[in-house]
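Quick notes on the structure that follows.
The values are calculated or read from the model by the stated rules, or taken from the named source; none is laboratory data. All values reported here derive from a predicted model rather than from experimental measurement. Every residue, glycine among them, receives a Cβ derived from its backbone with ideal geometry; neighbour counts consider all protein chains shown. Please note that ligands, DNA and RNA were not included when accessible areas were found on the heavy atoms of the full protein model with its side chains. Shrake-Rupley method; radii C 1.70, N 1.55, O 1.52, S 1.80 Å.
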Amino acid sequence: MAEDQEPGAPASAPVVTVAGPPVHRGEEVLTAGALAFVAGLHRAFEGRRRDLLARRRERRAAIARTAALDFLPETAAVRAADWRVAEAPRALQDRRVEITGPTDRRMTINALNSGAKVWLADFEDATSPTWENVIGGQLNLIDALEGRIDFTTPAGRAYTLRPAAELATVVVRPRGWHLDENHLLVDGEPVAGGLLDFGLYFFHNAARLLARGADHPDDPNSGPYFYLPKTESHLEARLWNDVFTHAQAALGIPHGTIRATVLIETVTAAFEMDEILYELRDHAAGLNAGRWDYLFSIVKTFRDAGSHYVLPDRNTVTMASPFMAAYARLLVRTCHRRGAHAIGGMAAFVPSRKDPGANAVALEKVRADKDREAGQGFDGSWVAHPDLVPVARASFDAVLGGRPHQKDRPAAAEPVTAAQLLDIAGAGGDCTRHGLHNAVQVGIRYIEAWLRGLGAVAVFHMMEDVATAEISRSQIWQWIHNGVVLADTGEAATAGLVRRLVAEELAALRTGLGDRAYAAGRWEEAARLFEQVALDEEFVDFLTLPALPLLD
C-alpha cells in the first residue's frame, strides 16, 4: 500500500520502472503481465524482507556479544515432533549428480546435455548480475524449455539440445534476500533480486512446465523447482513459503507444485535445519551442504569471537574436519528423518586436457570426495564441469544401485551437538603466508572477472564463484583482527602485508598478461574493491553490496 493511501481504500496500481539498459529480446521477458506479477510480489513481501534483514543484523550483534550459538529453545517442539515434508515429484526423486552454472546460452545447453540429473541454473553466486545477464538468462531458460535454444561460437562450433527426455531437470537458484535489483523499481523502490529472478521464471514457465509433464509424464522438466540460497533462519524460509503460496494462487497453479531445496550455507541455518524444512514442508525438496559459503558464514559470524573461531588456510579445511563432518551428519540425519533429499557439496575442479598427470590426481580427489558423500548417506552431489558428471555418478551408482536415493538408510544414532558444530579449533591446520597469498590471488582474479560480467570463473584449475572470493577476503579480515602470526614465515598478518601482496600480484599480472591485455581488464578496480572488503575496519556483510554499483 502506498504510504499516503487511506486504510481500506483500493490499492493503487504499482508504478513499475525498468531502469536497465536495453537487452536483446528483453521485451519477451519484461512483458506487462510479468512486471505486474513481480510488482505484486514486491508489494506483498518487501516489508517483511527488510524486517528480516534487520533481524539478521540484530542476531549477529547478539552472537558477537556472547560468542555463542545454539539450537533454538522456542522451536524445540518442532524438532521433537514426528512430521515429514511432501513427497518429491518424479523429476526430483533421483538427484545423484547435479551440475551447477550460470544461465548464459552455451552453459544452458551444456548443462542440460551433461548427463547430470539436475542443473542448478544459477542467478546467484555464479552470475554477475548485469541487467543483460539477468534478463538474458531468463530468456535462455524460456528458449530451452521451448526447445528452440542453440548457440554457435565465433569459430563456428554449434551447440544444440539433446532430446527432451535426456535433459537435466532445471532447478533455478534466485538471488539471496540481501540483494536488490536496481534496474527494476516498483513505486520508486528497487525490487529484491530474488523476487525478480523467481517471479520472472515462475510467471513465464510454471504453466509451460506443467503442460510438458501432462503431455509427457517422463519429461524431466515438468514443474517449477528452485534452490534457495543464503537462508539464515526458519523465518526467512517462512517468507519464501509465503511467496510460493502467493505466486501459485495468483497464477492458478495448484498449491504445492513448487519445490525448493534450501542451501544450508550459513552457520545459523545449520542450527535450524528442522525448522526450515518444517516451514517449507508443502514445498520442500531437500537441503544442500553448501560448504564454501558455510565456511564464509562461520568466519563472518564469529569474526571477532576469538582465536577458537579462526579458520586456517581455506584449502586445508575439508569435509573431514570435525566441525564440517558434524554439519554433514546433521544435514543427512535431518533430511532423511523428514523425507527430504540430502544433497552434497561442490566438486569445483576444472579438468585439463593439457596435463594428464595433474588431471589424474585431481580426479582421484574428486572421486574420493564423492565416495565419502555417498558413504555418508547423501542422496546426490554437485559438480561444476560436465567431465566430472561420470565421476560423481560412479560414486553414487556404487552405493545406490538402482535406487533413486537412500532416504531409507538408518541415521547415525548419536546426536550432533552445538559444541561439535562450533569446534572450529578442532580443524587443526595453520594460517600461512602461502594461504594469505592465495587468498589475494583468487580474490582479485575473481572480482576482476565479475566486474566484466562473468560469475563463474576458472582460477588455478578450480571453478570459482562469489563464495570463494567471500571466504578469501573474510579470512584476511579475520586473521588481521585476531593478530594471527603466519606459521610458515613468522610474520604477523597485517593490512600492510596484504597491500604489499596485492601490489605484487598486480605487477605479476601486468607482466604475465602484457600491458595491452592488462589495461583492457579491470584489475585496478578489482584490487581496490578487494582491499576495501578485506581491510576496512567495518566488515561489510557481502562483497557484492559495494561491488554492484561498479557493474556496467
task = Pick out the one residue from R393, R433, R403 that is within 24 Å of the chain's Cα centre (by Cα), open to solvent by 10 Å² or more (accessible area, probe 1.4 Å), farther than 30 Å from W131 by Cβ and basic (K, R).
result = R393
inquiry  = Filter the range 341-354 down to the residues that are modelled with pLDDT of 95 or more and open to solvent by 10 Å² or more (accessible area, probe 1.4 Å) and list them by number.
reply    = none
key: Scope the range 280-326; condition within 21 Å of the chain's Cα centre (by Cα), of a type outside the set (A, V, I, L, M, F, W, C) and outside any loop (DSSP other than H, G, I, E, B); matching residues   = G286, N288, R291, D293, Y294, S297, K300, T301, R314, N315
key: Cβ-Cβ under 7 Å pairs, at least 6 apart or on other chains, the range 226-241 side under 15 Å from T268 (Cα atoms), far side basic (K, R)   = P229/R173; E232/R56
message = Within the range 110-148, take every residue that is farther than 26 Å from E470 by Cβ and in a loop (DSSP other than H, G, I, E, B) and give me the one that is most open to solvent (accessible area, probe 1.4 Å).
response = R148
note = Residues of the range 526-552 being charged (D, E, K, R) and part of a helix (DSSP H, G or I), in sequence order, are R528, E531
request  = Mind telling me which of the residues A34, A76 ends up being more than 30 Å from P386 (Cβ to Cβ), touching a helix residue (DSSP H, G or I) at 6+ places or on another chain (Cβ under 6 Å), of a type in the set (G, A, S) and in a helix (DSSP H, G or I)?
outcome  = A34
message = Suppose we keep only residues that are in a helix (DSSP H, G or I) and closer than 23 Å to G490 by Cα within the range 418-430. Which one would you say is most open to solvent (accessible area, probe 1.4 Å)?
response = A425
ask   = Of the residues R303, R367, R314, R338, which single one is surrounded by fewer than 23 Cβ atoms within 10 Å (Cβ to Cβ), touching a residue at least 12 places away in the same chain (Cβ under 8 Å) and in contact with a Lys or Arg (Cβ under 9 Å, 6 or more places away or on another chain)?
value = R338
key: Residues (of a type in the set (S, T, Y) and closer than 26 Å to R433 by Cβ) located in the range 493-552   = T494, T511, Y518
task = Could you tell me whether F151 is modelled with pLDDT of 95 or more, open to solvent by less than 10 Å² (accessible area, probe 1.4 Å) and either touching a strand residue (DSSP E or B) at 6+ places or on another chain (Cβ under 9 Å) or charged (D, E, K, R) (or both)?
result = no
